[in-house]
Amino acid sequence: QVKKQCDQKLLIRMKTKCVPCSLNLDTQCPAGYTKITNGTGTPDCRYYLEIKTRTLSFPGCRHRCVKEFEQPECCQGHWGPDCMGK
């Protein structure tokens with residue numbers, strides 16, 4: 001039996017919105033994503049607050065999230081919707 005379908009596994013990465021680190025403990029990843037950072041997340045971003053006419057910038061935290069996704073693909077030498085072509 002020759003294998004015709006060779007699906008590719010893709011890892012989709014994303015980061016949550018930058019917020020004050022103290023508020024980031026309960027931040028959840030979007031549905032289907034898995035959180036790969038702990039606690040308050042990674043302190044690698046800045047968030048902005050507008051106060052009257054000024055915009056102030058503060059160091060913040062965000063979480064990293066990943067989602068595994070299988071992309072259907074035909075093996076080499078096969079093509080078409082059902083990977084039958086040779």
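So, in region 32-68, how many residues would count as being of a type in the set (Lys, Arg) and free of Cβ contacts under 8 Å to residues at least 12 places away in the same chain?
Filtering region 32-68 down to residues of a type in the set (Lys, Arg) leaves 35, 46, 52, 54, 62, 64, 67.
Going one step further and asking which of them are free of Cβ contacts under 8 Å to residues at least 12 places away in the same chain, we end up with 52, 54.
Final tally of qualifying residues: 2.
Conditions tested, residue by residue: (1) at positive phi; (2) in contact with a helix residue (DSSP H, G or I) (Cβ under 6 Å, 6 or more places away or on another chain); (3) part of a strand (DSSP E or B).
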position	(1), (2), (3)
Val2	no, no, no
Arg13	no, no, yes
Lys17	no, no, no
Gln28	no, no, no
Ala31	no, no, no
Lys67	no, no, yes
Trp79	no, no, no
Cys83	yes, no, no
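Say we look at region 20-37 and pick out the residues that are surrounded by fewer than 10 Cβ atoms within 10 Å (Cβ to Cβ) and either within 18 Å of Leu49 (Cβ to Cβ) or modelled with pLDDT of 95 or more (or both); which of these is farthest from the chain's Cα centre (by Cα)? Quick ask: steps written out before the conclusion?
Of all residues in region 20-37, those surrounded by fewer than 10 Cβ atoms within 10 Å (Cβ to Cβ) come to 22, 26, 30-31.
Subsequent filtering for residues that are either within 18 Å of Leu49 (Cβ to Cβ) or modelled with pLDDT of 95 or more (or both) retains 22, 30-31.
On the way: Ser22: 22, Pro30: 9, Ala31: 11 Å.
Residue satisfying both the conditions and the ranking: Ser22.
Within region 65-82, is there a residue that is touching a Leu at 6+ places or on another chain (Cβ under 7 Å) and over 26 Å from Gln8 (Cβ atoms)? Step through it out loud before you land on a result.
To start, the set of residues in region 65-82 that are touching a Leu at 6+ places or on another chain (Cβ under 7 Å) comprises 66, 68-69, 71.
Right, trim to over 26 Å from Gln8 (Cβ atoms) and you get none.
No: zero hits.
Can you list residue pairs whose Cβ atoms sit under 9 Å apart, with the first residue in region 69-86 being surrounded by 10 or more Cβ atoms within 10 Å (Cβ to Cβ) and the second being charged (D, E, K, R) and not in a loop (DSSP other than H, G, I, E, B)? Count only pairs 6 or more apart in sequence or on different chains.
Pairs that qualify, where the first residue is surrounded by 10 or more Cβ atoms within 10 Å (Cβ to Cβ) and the partner is charged (D, E, K, R) and not in a loop (DSSP other than H, G, I, E, B), are Phe69/Lys9.
Taking region 33-59, which residues are part of a strand (DSSP E or B) and in contact with a His (Cβ under 6 Å, 6 or more places away or on another chain)? It would help to see each step written out before you state the result.
Narrowing region 33-59 to residues part of a strand (DSSP E or B): 34-35, 42-51, 54-59.
Scanning region 33-59 gives a single hit, Lys35.
The values are calculated or read from the model by the stated rules, or taken from the named source; none is laboratory data. Model, not experiment: these values are computed from the prediction. Note that each Cβ is placed from the backbone with ideal geometry, even for glycine, and that neighbours are counted across all protein chains shown.
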